[in-house]
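Chemist: What follows is a structure written as structure tokens; I'll ask about it next.
FYI, it's all coordinate maths here, none of it is from the lab. Just so it is clear, the model here is predicted, and its values are computed rather than measured. Reconstructed Cβ throughout: ideal geometry from the backbone, glycine too, with neighbour counts over all protein chains shown.
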Amino acid sequence: MSKIKSNQVVLLKKEVANFYAALDSILQGNSRMRNLHEFGDIYWDQEEASYLHLVCNKEEFYDDMYEVIKEYLNNADIKYNEEELKQVIDYQNLVIPHFKSEETIEHHFSYNIPEYFDTYFSEKPSGLTNKPQVLTSTDIRDYKEDKMVFAREVLLYGRKSNRMLRTVQWNNIDIKDELLLGSLR
């Protein structure tokens with residue numbers, strides 16, 4: 001991860017260092033599994049342990065991702081819209097569950113990011129446009145800050161039963177409604 005120049009990216013650099021350390025350990029004949037006691041007496045695959053570590057630091061993770069993606073695009077000389085990128089990162093943050101109780105979250109987008117992701121794999125994917133939408137994100141379970149229950153429900157059982165993401169719904173916002181909402185903020 002030494003290629004990332006940004007000093008703002010700390011969490012992701014540590015996590016990549018963990019992967020390299022695990023690889024070295026595996027090459028020395030040790031187990032590839034990690035035990036994270038706070039998430040139960042379970043031996044986790046490296047990517048699962050990484051996910052659990054990152055979800056504990058969710059906001060920092062998404063801040064790091066934003067910086068890494070911007071740096072990558074800039075280094076590759078790829079032009080991008082910074083606001084679109086920020087909204088994509090916001091969307092990803094909103095759909096990932098957390099062990100802390102997160103009530104229903106409503107988030108306004110100036111681009112159709114929710115629709116874009118919702119239709120991406122459909123027969124008629126929606127292109128990305130400057131169309132205001134509101135996303136309502138709900139976690140179907142309250143994990144009551146119990147990391148062990150969270151890990152079991154989301155990682156052990158969730159992968160096979162589509163419980164890796166929060167439940168989301170989106171709606172278009174009439175531009176007049178958006179102007180009214182903007183004046184009330």
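Chemist: For the chain, build the charge dipole from Cβ charges (+1 Lys, Arg; -1 Asp, Glu) around the Cα centre, then report which of Ile113, Ser161, Ser126 sits farthest towards its positive end.
Modeler: Value: Ser161.
Chemist: Which whole-Hz couplings ³J(HN,Hα) result when phi for each residue of region 134-141 is put into the Karplus expression 6.51 cos²θ - 1.76 cosθ + 1.60, θ = phi - 60°, listed in order with x for Gly and Pro?
Modeler: Result, rounded to whole Hz: 10, 10, 10, 10, 10, 8, 6, 10.
Chemist: Please give the Cα centre distance for region 36-66 versus region 1-24, rounded to the nearest Å.
Modeler: Comparing the Cα centres of region 36-66 and region 1-24, I get a distance of 14 Å.
Chemist: For Trp44, enumerate residues with amide H under 5 Å from its amide H, sequence gap 5+ or separate chain, H modeled in the peptide plane.
Modeler: Distant-sequence amide H within range of Trp44: Arg34, Asn35, Leu36.
Chemist: Which whole-Hz ³J(HN,Hα) couplings does region 95-105 yield from phi under the Karplus relation 6.51 cos²θ - 1.76 cosθ + 1.60, θ = phi - 60°, glycine and proline marked x?
Modeler: In residue order, the calculated couplings are 8, 8, x, 9, 6, 7, 4, 10, 5, 4, 10 Hz.
Chemist: Using a ≥ b ≥ c from the Cα gyration tensor of region 96-185 (square roots of the eigenvalues), is it rounded, prolate or oblate, where a/c under 1.5 gives rounded and otherwise the larger of a/b and b/c decides, a/b for prolate?
Modeler: Taking the square roots of the gyration eigenvalues as a ≥ b ≥ c, region 96-185 is oblate.
Chemist: Let me ask something additional. Return the label of the correct value of mean projected area of the Cα convex hull in nm², as calculated from the structure shown, out of (i) 19.3; (ii) 11.4; (iii) 13.5.
Modeler: (iii)
Chemist: Now, a different point. Please give the FRET efficiency for Asp45 paired with Asn172, using the beta carbon to beta carbon distance and R0 = 45 Å, rounded to the nearest 0.05.
Modeler: Efficiency, from the Cβ-Cβ distance: 0.65.
Chemist: What size of dipole, in debye to the nearest 20, comes out for region 1-80 about its Cα centre when the only charges are +1 on Lys and Arg C-beta atoms and -1 on Asp and Glu C-beta atoms?
Modeler: In total the dipole reaches around 300 debye.
Chemist: Determine the sum of side-chain charges near Glu71: Lys and Arg each +1, Asp and Glu each -1, restricted to other residues whose C-beta is under 10 angstrom from that of Glu71.
Modeler: +2
Chemist: Quick one: compute the contact order of region 96-185, relative version, from alpha carbon pairs under 8 angstrom and 6+ residues apart, as a percent.
Modeler: Values: 126 pairs, mean separation 31.3, N = 90.
Reported as a whole number, the value is 35 percent.
Chemist: Of Ala21, Ile89, Leu73, which is farthest along the charge dipole of region 1-125 in the positive direction, counting Lys and Arg as +1 and Asp and Glu as -1 at C-beta?
Modeler: Farthest along the dipole direction, towards plus: Ala21.
Chemist: Treating only the Cβ atoms of Lys and Arg (+1) and Asp and Glu (-1) as charged, compute the dipole magnitude of the chain about its Cα centre; round to the nearest 20 debye.
Modeler: The dipole of the chain has a size of about 400 debye.
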